[in-house]
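J.: Sharing a structure, written as structure tokens. Questions coming.
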Amino acid sequence: MTAATATQRTGNRSRIWTLPAGLRRCAVPMALLVLWQASVGLGWISTRSIPSPSQILTAFWDLTVSGELAVHLLVSLGRVSAGLAIGVSAGTICALIAGLSRRGEDALDALLQMLRTLPHLALVPLFILWFGIGETPKIALVALGTAFPIYLNLFAGIRTVDAKVVEAVSTLGLTRWEMIAQVILPGALPAFLTGLRYALGVAWLSLVVGEQINASSGIGYLAMTAREFLRTDVIIVALIVYAILGLLADLIVRFIERSALVWRPAFIKE
Amino acid sequence: MSHALSRIATPQSTIGKPVVSVRGLVRNFGNGNVLDGLSLDLQPGSFTALLGRSGCGKSTLLRTLAKLDPAPEGTVQLPDERAVVFQEPRLVPWMRVLRNVTLGLRHPDAEERGLAALAEVGLSHRARAWPLTLSGGEAQRAALARALVREPRLLLLDEPFAALDALTRMRMQGLVETLWHAHAPAVLLVTHDVDEALLLADRAVVMANGRIAADIPIPLARPRRHGDPGFIALRSRLLAELGVDEEHLAAREPQRTDARASGAKPGGYGLPAGAAAAPSL
């Protein structure tokens with residue numbers, strides 16, 4: 001009732017707030033886009049610095065139609081997948097060893113905690129010397145960057161599984177392996193998925209850097225060659241593709257969370 | 001597990017070979033002995049309440065009998081078929097209620113047994129539910145079903161009703177009594193609620209300084225009521241054993257006897273409030 005009277009009193013001004021929520025959230029970005037297009041069109045901003053949205057869209061279309069974008073995209077996806085597979089596996093194995101046994105923790109944790117403080121992107125020069133300029137350093141960079149967030153989160157997750165529940169289950173006569181597989185690892189799954197989301201972010205970041213070292217294909221290569229021809233529109237297309245890929249990866253993990261953590265009250269619909 | 005189960009026809013304690021036998025148990029936590037040469041026998045099918053002030057070592061004793069704590073000194077004889085219900089339900093949140101109940105069960109018909117146990121505690125309709133959607137009382141009943149399905153010869157209850165509201169607690173106490181009659185395990189109930197001990201147990205063991213300070217039989221007919229003369233007499237005796245001066249308490253808290261009916265939480269049960277409310281050791 002109070003809401004109704006408030007609407008009447010504020011009259012026209014309140015009409016914008018009655019728009020659907022989705023539209024309301026889009027209003028400001030849309031306005032900025034229009035402003036951007038107008039600024040470039042009126043010559044306020046040089047296309048050398050930044051092209052107009054319509055030019056970017058055209059570049060996007062051209063690259064898609066020619067098939068160029070798809071080729072580079074596939075190459076980049078391949079590198080990220082390979083690097084992620086290696087990094088996530090390594091991080092998971094280390095976290096299991098360190099998390100499930102004291103001796104494993106003594107052996108691994110100090111070393112990994114030291115290594116993780118190293119900014120892994122600073123290893124690029126070393127990786128070039130070790131692995132040359134082919135695919136290996138690019139994949140290795142992704143693998144190294146993604147292993148640590150997985151390790152840290154899964155290790156912490158294993159160690160913070162509810163001790164009281166573990167104690168109660170220990171009176172039920174489970175074998176050690178059953179306890180690990182049915183109680184400890186599922187209990188650490190939320191932490192692992194958090195680690196996976198971090199890892200995906202790091203993976204794209206590592207790829208951006210990795211693809212700028214002597215690549216002959218990939219989204220990063222596309223951006224680097226575009227720079228030589230002053231094609232700012234293509235550079236922006238590459239940036240947008242990176243953003244979309246990052247967004248998609250995040251959506252995938254969220255989907256996994258939704259299906260794997262159905263037991264959480266936030267996800268339960270009864 | 002099933003072949004080893006020996007059901008006792010009546011839950012009355014019979015003198016025979018004890019199902020639990022503890023001799024000279026010592027447990028040291030650095031500053032003094034928590035358990036100091038404790039000895040205790042539990043008869044098959046008996047219902048024993050273990051009372052004592054906070055820190056007297058009663059939970060340590062229960063944890064030793066659950067094999068959660070070591071018994072470095074002394075001998076402890078236990079049946080293999082044991083089950084524990086804690087103050088918190090401690091269900092595995094990512095397993096549905098039925099899976100929680102059957103966890104670790106190695107019968108081929110584990111699922112039917114689990115469903116039967118859930119039916120006994122009145123939770124059949126929640127078998128497929130996730131534990132975090134259960135109410136406190138439902139979760140504790142699931143924990144009870146999880147213990148029951150193992151057909152224990154020794155059922156250890158570590159203040160299982162302490163975290164429940166008064167009405168749920170009364171219902172749970174009735175349920176435990178019914179289940180005990182039906183399955184006749186030896187029950188050891190750790191509590192600091194004298195009334196609860198008198199309602200359920202046929203023997204009250206009072207611990208102090210790491211030993212059994214008093215061992216009092218409760219020969220009251222069932223069902224028991226708070227106002228029965230025998231109940232009141234035993235209540236005074238138990239309170240005296242626990243070092244509570246009843247008259248002093250009555251002068252300070254005139255409504256104490258009504259506390260239960262009015263839905264009081266643990267803390268106002270005839271023990272000093274601090275001692276009763278604090279989690280026991």
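J.: Could you grab the pairs with beta carbons closer than 8 Å, sequence gap of 6+ or different chains, first residue in the stretch A:228-246 and over 18 Å from A:Thr58 (Cα atoms), second one among the small types (Gly, Ala, Ser)?
T.: Short answer, once both residue conditions are applied: A:Leu245/A:Ser76; A:Gly246/A:Gly201.
J.: For the stretch B:225-246, which residues satisfy the criterion of being within 17 Å of B:Gln173 (Cβ to Cβ) and crowded, with 16+ Cβ neighbours inside 10 Å?
T.: B:Phe231, B:Leu234, B:Arg235, B:Leu238
J.: Shifting gears a bit: For A:Asn214, only one of the following conditions fails: (1) part of a loop (DSSP other than H, G, I, E, B); (2) out of contact with any Gly (no Cβ under 6 Å at 6 or more places or on another chain); (3) within 11 Å of chain B (Cβ to nearest Cβ). What is its number?
T.: Going through (1) part of a loop (DSSP other than H, G, I, E, B); (2) out of contact with any Gly (no Cβ under 6 Å at 6 or more places or on another chain); (3) within 11 Å of chain B (Cβ to nearest Cβ) one by one, A:Asn214 breaks only (3).
J.: Which one is farthest from B:Leu167 (Cα to Cα), of the residues in the stretch B:112-138 that are of a type in the set (Ser, Thr, Tyr) and either within 14 Å of chain A (Cβ to nearest Cβ) or within 20 Å of the chain's Cα centre (by Cα) (or both)? Reasoning before the result, please.
T.: So in the stretch B:112-138, the residues of a type in the set (Ser, Thr, Tyr) come out as B:124, B:133, B:135.
Next, only the ones that are either within 14 Å of chain A (Cβ to nearest Cβ) or within 20 Å of the chain's Cα centre (by Cα) (or both) stay: B:133, B:135.
Details: B:Thr133: 20, B:Ser135: 13 Å.
So the residue we want is B:Thr133.
J.: The conditions are (1) free of Cβ contacts under 8 Å to residues at least 40 places away in the same chain; (2) surrounded by fewer than 22 Cβ atoms within 10 Å (Cβ to Cβ); (3) under 20 Å from B:Arg235 (Cβ atoms), and B:Leu199 fails exactly one of them. Which is it?
T.: Result: B:Leu199 passes all but (2).
J.: Which is away from chain A (no Cβ under 14 Å) and either out of contact with any His (no Cβ under 8 Å at 6 or more places or on another chain) or not basic (Lys, Arg) (or both), of B:Arg146, B:Arg169?
T.: Going through B:Arg146, B:Arg169 in turn, the sole match is B:Arg169.
J.: Which is more than 14 Å from chain B (Cβ to nearest Cβ), at positive phi and among the aliphatic types (A, V, I, L, M), of A:Leu205, A:Leu230, A:Leu239?
T.: A:Leu230
J.: Filtering the stretch A:162-195 down to residues that are of a type in the set (Val, Ile, Thr) and part of a helix (DSSP H, G or I), which residue is surrounded by the fewest Cβ atoms within 10 Å (Cβ to Cβ)?
T.: The extreme case among them is A:Val166.
J.: For the structure I just gave you, tell me whether A:Thr92 is β-branched (Val, Ile, Thr), surrounded by fewer than 23 Cβ atoms within 10 Å (Cβ to Cβ) and more than 21 Å from A:Leu189 (Cα to Cα).
T.: Numbers: β-branched (Val, Ile, Thr): yes; surrounded by fewer than 23 Cβ atoms within 10 Å (Cβ to Cβ): yes; more than 21 Å from A:Leu189 (Cα to Cα): no.
For A:Thr92, the condition - β-branched (Val, Ile, Thr), surrounded by fewer than 23 Cβ atoms within 10 Å (Cβ to Cβ) and more than 21 Å from A:Leu189 (Cα to Cα) - is not met.
J.: Among the residues of the stretch A:224-247, how many are acidic (Asp, Glu) and either at pLDDT 90 or above or surrounded by 19 or more Cβ atoms within 10 Å (Cβ to Cβ) (or both)?
T.: The total comes to 1.
The values are calculated or read from the model by the stated rules, or taken from the named source; none is laboratory data. Bear in mind the structure is a predicted one, so any value in this text is a computation, not a measurement. In this analysis, Cβ positions are derived from the backbone assuming ideal geometry, glycine residues included, and neighbour counts consider all displayed protein chains.
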